[in-house]
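Working notes, structure below.
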Amino acid sequence: MRKRGRKKRKPVPIPVASMGDIAFLLIIFFMLLSDFAKDRDLPIELPRSQEVQKTKATVAARVAIDENATVYLDGERVGGAKDVEWGVRALLARTVTDDQRHVQFKCDSKLSREKFEPVLKAIAEAGGVIEAVGEQP
């Protein structure tokens with residue numbers, strides 16, 4: 001007489017290595033599409049210049065520094081220049097042309113050069129085309 005029993009099923013492995021990639025892509029997706037994170041309400045006094053011109057290029061990211069040297073990337077407060085570099089690098093990862101790599105840079109006019117220069121360097125290191133924002137007198 002034969003014993004009829006159930007065959008033991010082998011457990012199917014679930015690939016979890018790609019879960020981190022998916023989560024990271026979702027975070028980037030929602031950062032790019034969110035309207036509430038724009039830096040419209042930052043208290044920044046822009047520098048004045050006769051050479052201010054409006055550009056037609058689309059902006060991939062916005063970096064701002066207020067009078068207290070607090071750095072913002074797309075309206076979110078970040079730790080400093082290194083965080084700006086990695087954030088801009090992530091936002092520009094899928095860009096192809098220079099027209100898609102514009103990074104808008106706002107800086108308070110009272111800020112010293114030593115405070116904003118590392119942020120400018122970080123944007124350039126990340127591959128962004130810097131677009132400074134100012135006002136006409």
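Looking only at residues of region 106-137 that are part of a helix (DSSP H, G or I) and in contact (Cβ under 8 Å) with a residue 24 or more places away in the chain, we find that the one that is surrounded by the fewest Cβ atoms within 10 Å (Cβ to Cβ) is LYS121. Going through (1) part of a loop (DSSP other than H, G, I, E, B); (2) surrounded by 10 or more Cβ atoms within 10 Å (Cβ to Cβ); (3) at pLDDT 80 or above one by one, ARG9 falls short only on (2). Within region 89-105, if we keep just the residues that are surrounded by fewer than 17 Cβ atoms within 10 Å (Cβ to Cβ) and β-branched (Val, Ile, Thr), the residue that is nearest to LEU73 (Cα to Cα) turns out to be THR95.
Residues considered: VAL103, VAL88. Of these, the only one that is of a type in the set (A, V, I, L, M), within 11 Å of the chain's Cα centre (by Cα) and not in a helix (DSSP H, G or I) is VAL103.
The values are calculated or read from the model by the stated rules, or taken from the named source; none is laboratory data. The structure presented is a predicted model; accordingly, all values stated were derived computationally and were not measured. Don't worry about glycine lacking a Cβ; one is built from the backbone with ideal geometry, like all the others, and counts go over all protein chains shown.
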